[in-house]
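One structure is given below, encoded as structure tokens.
The values are calculated or read from the model by the stated rules, or taken from the named source; none is laboratory data. All values derive from a computational prediction rather than experimental measurement. Cβ placement follows ideal geometry from the backbone for every residue including glycine, while neighbour counts extend to all protein chains displayed. Remember, those area values only see protein heavy atoms, side chains included, never the ligands or the DNA or RNA. Shrake-Rupley method; radii C 1.70, N 1.55, O 1.52, S 1.80 Å.
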Amino acid sequence: MPNRLPMTRREAQEVERQAHTLLMRAAATLDLGRVPPALREDVGIESALLIKEILDRLPLNPAETIPGVRTVDAYRDSRRNEVPFRWQVPNTELEIVELRSGDNSGRLLFSTQSVGRAADFHARIADLPYRQESADVSLGYLSPATSPGFYDYYVATPGHLVPSATLLGDVVADLPGWLTEVRGGQAVFQWVGLWLGLLTALAAVVFTFWAIVFRARNFADPLDDWIRAGLLVLLSAFLDLVVDFANDVINVTGPALELLVTAGGAATVLLLAGVTYLVTRALAESVLVWRRTRALSVDGSRLRVGSQIFGFLAAAWVLVAGARELGADVVPLLAGLGIGGLAVALAAQKSIANYLGSLTLLANKPIREGDLVGFGDRIGTVEAIGLHATRIRTLERTQVTVPNASFSELQLENYSARDHRLLKTTLPLRFDTTVMQMRAMLDAVHGHLADHPKVLEDGLRVRFVGYSEHSKDIELFAYIDTTGTPEFLEIQKSLLLSIEEAINALGTTLAIPAVRQFNLDQDLELPPSS
């Protein structure tokens, strides 16, 4: 490794900036179209240095033998511009090609094959000596300058080429020689730093998911989702720091860097997709809390399910965008998902039916969370309408989960949607009730009902409807202006008590079946006196 130059930190950083600019210019001569965007800068610089190492070991032809604009134009005219121009560097397998599409259309760049096999080409000639700089009279040109050992220096150097540019560079420059030796494509200190970073990342992953599973669940909505999303964001940021540390600080290169960046990027994409879903759900719950919206609100059900659908679609978009950034070919991926989706759809017909059932419940709005409903032969309160099933708390306080596909097909009776409550009962009067008593009873009961402020005039009926086996029957039919069960029961109690007082005042009573009346008379007989 070269000795440190006597320069200040600022001077070293300026030299570092200039060196990075030159390296990026060299990388611009390569076709990196097949390199994932997340790796293009690192792969571009490393591939450019590898190609430079190859060229530095081989004799080069004079510069004028390299095809120029005229040669390329003549080639295009002769081939009618149908076949892209290609030129192979003499004595190498490196090839320069004309691009016909993309952002670099019309430019001559080292081909993607040359970039992809640069490491293999370099391994073949790594033992050859560097070309000597000399003026060749027969060729009439000065051999271009070489950079002996520069690639090895780049590989074994921290994230900055000039050691004095950072404190870490000074530290590495003072390390024992065995720590800076290259083993397996990396310096020993780089392997140590990489494994320490990976172990730290693993510990962070374990801690994060422990906190999500065992701690965040103790908080109520929406705080639990916000905490989970925050933990995933922190974990994603920490994984990015580990990758940046390996890439920019200790300068891991080659396949190790590609694997690290790809794995770290994939983990980050998955985490951000989870964050996207959790944030959309947490926002919906936060809106409900802010608006004081209880489970009794239709908007609550629709907002929750809508946020879950939107969150799923947004998370899917994050996954697709992340896969594209990591170099995955999205078109075949989406086509595969289409074919696979068809197979999954056939295998998951019930799940899809339940999902469509939830949309039916939310669109038609026959029920909402908090409603008291009758379904089949059961009655209960709707607690939650989810994407797959509806949870109902029965009158026995048990919880029933009904798949939405089945639930949406049931005949649902929504008791909470009533605008009024019906009071309907029959008063069985004794057979010895006279006609005058019956007329007076009808007027009295009607008056009691009509005078009550909660009894509606429309539909009010008090009628003598006929004879049963043991009584003369009067039917009461009235709508009470209330929807709440406690209030209705209180009004019903008051009305029935006042009606019974009217019955007693008119000198008649409610009929008791003959058998029961006989038993009652027997029960009331006093024992004989002794």
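Inspect all residues belonging to segment 15-22 and state whether any of them is over 30 Å from Leu175 (Cβ atoms), in a helix (DSSP H, G or I) and not basic (Lys, Arg).
The first filter runs over segment 15-22 and keeps only residues over 30 Å from Leu175 (Cβ atoms), leaving none.
For segment 15-22, residues over 30 Å from Leu175 (Cβ atoms), in a helix (DSSP H, G or I) and not basic (Lys, Arg): absent.
If we keep just the residues of segment 496-530 that are modelled with pLDDT under 50 and hydroxyl-bearing (Ser, Thr, Tyr), which is most open to solvent (accessible area, probe 1.4 Å)?
Of segment 496-530, the ones modelled with pLDDT under 50 are 514-530.
Checking the rest, the ones that are also hydroxyl-bearing (Ser, Thr, Tyr) come to 529-530.
Values: Ser529: 113, Ser530: 159 Å².
Step by step, filter segment 496-530, then rank; the result is Ser530.
Quickly run through segment 412-439 and pick out the residues that are closer than 17 Å to Glu369 by Cα and in a loop (DSSP other than H, G, I, E, B).
If we filter segment 412-439 for residues that are closer than 17 Å to Glu369 by Cα, which is where we start, we get 412-418.
Scanning segment 412-439 gives a single hit, Arg418.
Please determine whether any residue of segment 57-70 is among the polar types (S, T, N, Q), in a helix (DSSP H, G or I), modelled with pLDDT under 80 and farther than 29 Å from Phe150 by Cα. Please lay out each step first, then the result.
Residues of segment 57-70 among the polar types (S, T, N, Q): 61, 65.
Going one step further and asking which of them are in a helix (DSSP H, G or I), we end up with 65.
After this cut, where a residue has to be modelled with pLDDT under 80 as well, the list is 65.
Add one more test, that the residue is farther than 29 Å from Phe150 by Cα, and what stays is none.
Checking segment 57-70: not a single residue is among the polar types (S, T, N, Q), in a helix (DSSP H, G or I), modelled with pLDDT under 80 and farther than 29 Å from Phe150 by Cα.
So Thr433 passes all but one of these: (1) of a type outside the set (D, E, K, R); (2) at pLDDT below 90; (3) closer than 29 Å to Glu487 by Cα. Which condition number does it fail?
(3)
Go through Ala26, Ala19 for me and flag whichever is modelled with pLDDT of 85 or more and within 26 Å of Glu258 (Cα to Cα). Steps first, please.
Working: Ala19 fails: modelled with pLDDT of 85 or more.
One residue alone meets the criteria, Ala26.
State the number of residues belonging to segment 387-416 that are touching an Asp or Glu at 6+ places or on another chain (Cβ under 7 Å) and of a type in the set (A, V, I, L, M). Give the steps one after another, and end with the answer.
Step one: of segment 387-416, the residues touching an Asp or Glu at 6+ places or on another chain (Cβ under 7 Å) are 391-393, 414, 416.
Checking which are of a type in the set (A, V, I, L, M) leaves us with 392.
Of the residues in segment 387-416, 1 are touching an Asp or Glu at 6+ places or on another chain (Cβ under 7 Å) and of a type in the set (A, V, I, L, M).
Going through segment 477-495 one residue at a time, which ones are surrounded by 15 or more Cβ atoms within 10 Å (Cβ to Cβ) and among the hydroxyl-bearing types (Ser, Thr, Tyr)?
Within segment 477-495, Tyr479, Thr482 meet the criteria.
Does any residue of segment 170-180 turn out to be in contact with a helix residue (DSSP H, G or I) (Cβ under 8 Å, 6 or more places away or on another chain) and under 30 Å from Leu288 (Cα atoms)? Before you say what the answer is, go through the steps one by one.
At the first step, the residues of segment 170-180 found to be in contact with a helix residue (DSSP H, G or I) (Cβ under 8 Å, 6 or more places away or on another chain) are 170, 172-173, 175, 178-180.
Filter once more, keeping what is under 30 Å from Leu288 (Cα atoms): none.
Within segment 170-180 (the criterion being in contact with a helix residue (DSSP H, G or I) (Cβ under 8 Å, 6 or more places away or on another chain) and under 30 Å from Leu288 (Cα atoms)), the answer is no, since none of the residues qualifies.
Does at least one position in segment 110-123 carry a residue that is within 30 Å of Ile250 (Cβ to Cβ), in contact (Cβ under 8 Å) with a residue 24 or more places away in the chain and among the charged types (D, E, K, R)? Break it down stepwise before answering.
First pass over segment 110-123, keeping only residues within 30 Å of Ile250 (Cβ to Cβ): 110, 112, 114-123.
Checking the rest, the ones that are also in contact (Cβ under 8 Å) with a residue 24 or more places away in the chain come to 110, 112, 114-119, 121-122.
Now drop any that are not among the charged types (D, E, K, R), which leaves 117.
Yes, that holds for at least one residue.
List the number of the failed condition for Ala48; all other conditions in (1) among the hydrophobic types (A, V, I, L, M, F, W, C); (2) outside any loop (DSSP other than H, G, I, E, B); (3) more than 30 Å from Asp240 (Cβ to Cβ); (4) modelled with pLDDT of 85 or more hold.
(3)
Look at segment 244-286 and say how many of its residues are in contact with a strand residue (DSSP E or B) (Cβ under 8 Å, 6 or more places away or on another chain) and surrounded by 18 or more Cβ atoms within 10 Å (Cβ to Cβ). Even if it seems obvious, please write down each step before you answer.
Residues of segment 244-286 in contact with a strand residue (DSSP E or B) (Cβ under 8 Å, 6 or more places away or on another chain): 252-254, 256.
Now restrict to residues that are surrounded by 18 or more Cβ atoms within 10 Å (Cβ to Cβ): 252-253.
Residues in segment 244-286 being in contact with a strand residue (DSSP E or B) (Cβ under 8 Å, 6 or more places away or on another chain) and surrounded by 18 or more Cβ atoms within 10 Å (Cβ to Cβ): 2 in total.
What are the residues in segment 6-32 that are open to solvent by 40 Å² or more (accessible area, probe 1.4 Å) and in contact with a strand residue (DSSP E or B) (Cβ under 9 Å, 6 or more places away or on another chain), if any?
Correct list: Ala28, Thr29.
Starting from residues that are open to solvent by 40 Å² or more (accessible area, probe 1.4 Å) and over 36 Å from the mean Cα position of the chain (by Cα), keep the ones in segment 410-427 and report whichever is farthest from Lys365 (Cα to Cα). Outline the logic, then answer.
First pass over segment 410-427, keeping only residues open to solvent by 40 Å² or more (accessible area, probe 1.4 Å): 410-413, 415-420, 422, 424-426.
Going one step further and asking which of them are over 36 Å from the mean Cα position of the chain (by Cα), we end up with 415, 418-420, 422, 424-426.
Details: Tyr415: 14, Arg418: 14, Asp419: 16, His420: 20, Leu422: 24, Lys424: 29, Thr425: 32, Thr426: 36 Å.
Across segment 410-427, the extreme among qualifying residues is Thr426.
Just a yes or no: is a residue in segment 228-243 at pLDDT below 85, of a type outside the set (Val, Ile, Thr) and either within 24 Å of Ala323 (Cα to Cα) or surrounded by 14 or more Cβ atoms within 10 Å (Cβ to Cβ) (or both)? Walk me through it before giving the result.
Taking segment 228-243 as the starting set, the residues that turn out to be at pLDDT below 85 are none.
No, segment 228-243 contains no residue that is at pLDDT below 85, of a type outside the set (Val, Ile, Thr) and either within 24 Å of Ala323 (Cα to Cα) or surrounded by 14 or more Cβ atoms within 10 Å (Cβ to Cβ) (or both).
Within segment 449-476, work out how many residues are open to solvent by 70 Å² or more (accessible area, probe 1.4 Å) and either part of a helix (DSSP H, G or I) or closer than 20 Å to Asn504 by Cβ (or both).
Looking only at that region, the number is 3.
Hey, does segment 85-107 have a residue that's of a type in the set (D, E, K, R) and more than 45 Å from the chain's Cα centre (by Cα)?
Start the filter on segment 85-107 by keeping residues that are of a type in the set (D, E, K, R), which leaves 86, 93, 95, 98, 100, 103, 107.
Now narrow it down to the ones that are more than 45 Å from the chain's Cα centre (by Cα): 86, 93.
Checking segment 85-107: at least one residue is of a type in the set (D, E, K, R) and more than 45 Å from the chain's Cα centre (by Cα).
Taking segment 482-512 on its own, how many of its residues are among the hydrophobic types (A, V, I, L, M, F, W, C) and closer than 13 Å to Gln437 by Cα? Before you say what the answer is, go through the steps one by one.
Start the filter on segment 482-512 by keeping residues that are among the hydrophobic types (A, V, I, L, M, F, W, C), which leaves 488-489, 491, 495-497, 499, 502-503, 505-506, 510-512.
Then keep just the ones that are closer than 13 Å to Gln437 by Cα; that gives 502-503, 505-506, 510.
Qualifying residue count for the region: 5.
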